[in-house]
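Just dropping this structure here.
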Amino acid sequence: MGNKSSSSSKSTKPLGFKPRTPKGGSKQRNRKASGKGKGFSSVDRAEINITFTTSDEDESSSLQKRLVEIEENYGEEVGEAVEEMVRCFEGVKVEVALRFAATSPRTAVEDYTRHLTWREGQPLMTDHSTMFYPISPPDFPRKWMERGGLAKDGSHIIFCQGAMYDKAICGVEKYVERTTNVVDSIFPVDSDSGLVSVFIDCRPYKGMKNPPAQQLLGFFRAVQEVCSANFPGRISKVVIYPIPSFLVGLINVIKRMFSKDVREKLIFLGGSGSIGSKCPKKLWEYVEDASEFPEAAHVNHAKE
């Protein structure tokens with residue numbers, strides 16, 4: 001389904017195009033919403049072949065095989081949602097469709113449509129080898145959130161220096177925007193694979209804003225709404241550290257702000273919240289050493 005130089009291959013439309021009306025119209029959508037789908041029939045597969053004509057028979061066969069595998073592995077409802085997205089959005093990658101369908105199969109088409117609308121308003125990341133933030137204010141604390149190396153599970157690290165959060169510089173929406181910029185600097189737009197692990201260092205530091213933990217709750221709430229809607233299935237884990245004993249009560253508050261699938265991936269590490277405190281030893285269960293964090297964070301993440 002990718003772009004090819006051959007004139008016989010089918011071209012794809014850019015992001016932001018309007019989805020075609022699904023075959024079967026509203027009747028089909030009602031059938032899927034009721035959870036009484038009929039699965040992949042021979043007619044369904046024929047329709048997919050008509051929609052995605054290609055000179056490469058192997059590619060067409062691979063698509064059909066993958067659709068069947070998805071239904072077998074994720075269930076009929078998710079399988080039908082992916083199938084419908086493939087019909088509705090010409091050029092959408094099956095694995096991208098799966099990320100949206102697996103999160104919410106009954107609303108996958110509507111969710112992806114809203115994602116495309118959101119995507120049209122985002123800056124284009126033309127160079128994924130550098131950090132590119134064209135719309136942050138000049139005094140924005142750029143090292144507040146950066147990408148790092150790899151976690152032990154192979155996921156890409158996003159590092160957040162909580163002490164740099166300063167609402168006096170800009171509103172929470174700019175911090176959310178920065179977060180999505182970092183994700184986009186790791187993955188090409190709508191890439192079909194890859195996970196991220198977010199590490200949030202909550203320790204206070206000299207010379208930084210050091211906002212109270214409660215002030216970050218608004219950011220957590222806002223970033224959850226934007227990222228769950230536009231980057232479903234991207235999170236491997238979110239590691240928040242260190243959590244002093246007197247802030248343990250905030251853990252349940254934070255958990256309630258996230259969707260169920262992300263909530264299960266939240267990891268809270270206990271430890272001292274004073275200036276100069278060491279990293280929790282359990283941090284190294286998820287990352288090899290400080291070299292995997294951004295350079296500015298190396299000195300504060302010495303492994304003992």
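Sort out which residues of region 149-162 are surrounded by fewer than 21 Cβ atoms within 10 Å (Cβ to Cβ) and either among the β-branched types (Val, Ile, Thr) or on the phi < 0 side of the Ramachandran plot (or both), and write them in order of number.
GLY149, LEU150, LYS152, ASP153, SER155
Here is a follow-up. Looking only at region 144-179, filter to residues that are among the charged types (D, E, K, R) and outside any loop (DSSP other than H, G, I, E, B); which one of those is nearest to ASN230 (Cα to Cα)?
Here the answer is GLU177.
Related question: Of the residues VAL238, VAL253, VAL287, which single one is surrounded by fewer than 19 Cβ atoms within 10 Å (Cβ to Cβ) and β-branched (Val, Ile, Thr)?
Just a single option satisfies the conditions, and that option is VAL253.
Sticking with this structure for a sec: Out of (1) crowded, with 18+ Cβ neighbours inside 10 Å; (2) under 19 Å from the mean Cα position of the chain (by Cα), the odd one out for ILE267 is which?
ILE267 satisfies every listed condition except (1).
Please state which one of VAL248, VAL262 is over 17 Å from GLU146 (Cβ atoms), free of Cβ contacts under 8 Å to residues at least 24 places away in the same chain and of a type in the set (A, V, I, L, M, F, W, C).
Answer to the selection: VAL248.
Looking only at region 158-209, which residues are within 22 Å of the chain's Cα centre (by Cα), of a type in the set (Asp, Glu) and within 24 Å of CYS279 (Cα to Cα)?
Within region 158-209, ASP201 is the sole residue that qualifies.
Out of all the residues in region 167-202, which are touching a strand residue (DSSP E or B) at 6+ places or on another chain (Cβ under 7 Å) and either free of Cβ contacts under 8 Å to residues at least 60 places away in the same chain or surrounded by fewer than 17 Cβ atoms within 10 Å (Cβ to Cβ) (or both)?
ARG178, THR179, VAL182, VAL183, ILE186, GLY194, LEU195, VAL196, VAL198, ILE200
Now for a different question. Consider PHE199 carefully, then state whether it is farther than 18 Å from HIS115 by Cβ, of a type in the set (Phe, Trp, Tyr) and in contact with a Pro (Cβ under 6 Å, 6 or more places away or on another chain).
no
Would you mind finding the one in SER55, SER41, SER26, SER104 that is modelled with pLDDT under 50 and under 26 Å from ALA229 (Cα atoms)?
SER26
Taking region 275-304 on its own, how many of its residues are in contact (Cβ under 8 Å) with a residue 40 or more places away in the chain, hydrophobic (A, V, I, L, M, F, W, C), over 13 Å from ILE200 (Cα atoms) and in a helix (DSSP H, G or I)?
1
The values are calculated or read from the model by the stated rules, or taken from the named source; none is laboratory data. None of the values given here were measured: they were computed from a predicted structure. Counting neighbours? That spans all protein chains shown, and the Cβs are built from the backbone with ideal geometry, glycine included.
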